[in-house]
Amino acid sequence: MPDVKGLKQKLKAGEVCLALRPPIAYTKSQLEVALGKGDYDLIYIDGQHTAFSDDQLVAICAAAEALGMPVQFRIPHTRNTYLIGRYLDLGLSAVLVPETVKPETVEEAVGYAYYPPIGHRSWGGAARFGTKRDGKTLGRPEYAPWWNEHVVVGVQIEAVETVENVRSLIRPGLDYFAFGPNDLSFDLEQHPEYRFRTTDECTKYVVEQLQGTGIPCGMAIVTEPHERQKYLDMGLTMFQENPRP
């Protein structure tokens, strides 16, 4: 059975992780070629700004699992956190919640991502990641604790209020924060009185506020390799890129 525990451990250890961001319609062979052109830790699918279907999610998750790679999905809307369990049942290993502002959103995301006793995710889903081992299907007593050690939950910082109150969002089960600099720029423009005027200033402040918490930060947009050094210098460790030519 593919083991994605390394992703969760890397995030906790502050190691750099890189996500491949392919089209959702990629076949297994296309995915294998793309993965062979870089050193990737996960596959990222954007459900917020691109079209998708349940069947497409199941297909690309199955292809990724066969290649030993976890798939993260940005859910369509902040209010869709109640659907996280359903999305995970389609074969995903990680979720990202956009435009997170309230602690209640994080609590709900964690609740639906983890099985009891950590959360309250419902049991079921034939397409779930990692249910097969040595030709056998894992039952609830074996699979649930395994899953709770593997699932990755991230939330996005895209508002001044989130920047200012980021520590209040930390909950057990939250793995990392991701910056959305474009929507954050919109919000900064709506708050000309705010003490920080650039997304970089906000990023530096958030990273400082999270020191010692064990919660890392990353970027939720595509960055080219030559663009990442300034973010690495700030302390960010999660990045995304498109398939390489």
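The values are calculated or read from the model by the stated rules, or taken from the named source; none is laboratory data. What you see is a predicted model, and the numbers here were worked out from it, not measured in a lab. Virtual Cβ from ideal backbone geometry, glycine too; neighbours counted across all protein chains shown. The protein model used for the area step is the full one, side chains on, heavy atoms only, and it has no ligands, DNA or RNA in it. Shrake-Rupley method; radii C 1.70, N 1.55, O 1.52, S 1.80 Å.
Things to note:
- Each Cα pair under 8 Å and six or more residues apart adds its sequence gap; the mean of these over the residue count of segment 159-234 is a relative contact order of 42 percent.
- Amide H partners (placed H, <5 Å) of Val101, local residues excluded: none
- Vicinal HN-Hα couplings computed from phi for segment 208-224 (Karplus, 6.51 cos²θ - 1.76 cosθ + 1.60; Hz; Gly/Pro x): 5, 5, 8, 4, x, 8, x, 9, x, 10, x, 10, 9, 10, 5, 10, 7
- Counted by Cβ distance under 15 Å from Lys37, the other residues give a net charge of -3, where Lys and Arg count +1 and Asp and Glu count -1.
- Spacing of the two label points (7 Å from each Cα toward its C-beta) at Lys136 and Gln211, in nm: 5.0 nm
- Percent of Cα-Cα distances greater than 19 Å, calculated over segment 86-180: 42 percent
- The orientation-averaged projection of the convex hull spanning the C-alpha atoms of the chain amounts to 12.9 square nanometres.
- C-alpha long axis of helix 54-66 to longest principal axis of the chain, angle in °: 80 degrees
- Charge tally in the Cβ shell below 13 Å around Thr198, where Lys, Arg are +1 and Asp, Glu are -1, Thr198 excluded: 0
- Taking the chain and dividing mean pair separation by its residue count, relative contact order in percent (alpha carbons under 8 Å, at least six apart): 22 percent
- Here segment 108-236 has 50 percent of its accessible surface on carbon and sulfur atoms, given a 1.4 Å probe and all protein chains in place.
- Radius, Kirkwood style, for segment 1-121 when every pair of distinct Cα atoms is counted (Å): 14.9 Å
- Over segment 76-168, accessible surface divided per residue gives 43 Å², non-protein components excluded, 1.4 Å probe.
- Normalised by 2.2 N^0.38 Å, where N is the number of residues, the alpha-carbon radius of gyration of segment 121-245 equals 1.33.
- The portion of the accessible surface of segment 3-50 made up by carbon and sulfur, rounded to a whole percent, is 49 (1.4 Å probe; DNA, RNA and ligands excluded).
- Packing-based ranking, highest mean first, of 38-46, 9-17 given that Cβ atoms within 10 Å are counted: 38-46, 9-17
- Packing, taken as the mean count of other beta carbons within 10 Å per residue, orders the peptides 84-91, 50-57 from highest to lowest as 84-91, 50-57.
- Kirkwood hydrodynamic radius over Cα pairs of segment 30-100, then Stokes diffusion coefficient at 20 °C and 1.002 mPa s, in µm²/s: 171 µm²/s
- Taking packing as the residue-averaged number of other Cβ atoms within 10 angstrom, the listed peptides 105-116, 198-209 run from highest to lowest as 105-116, 198-209.
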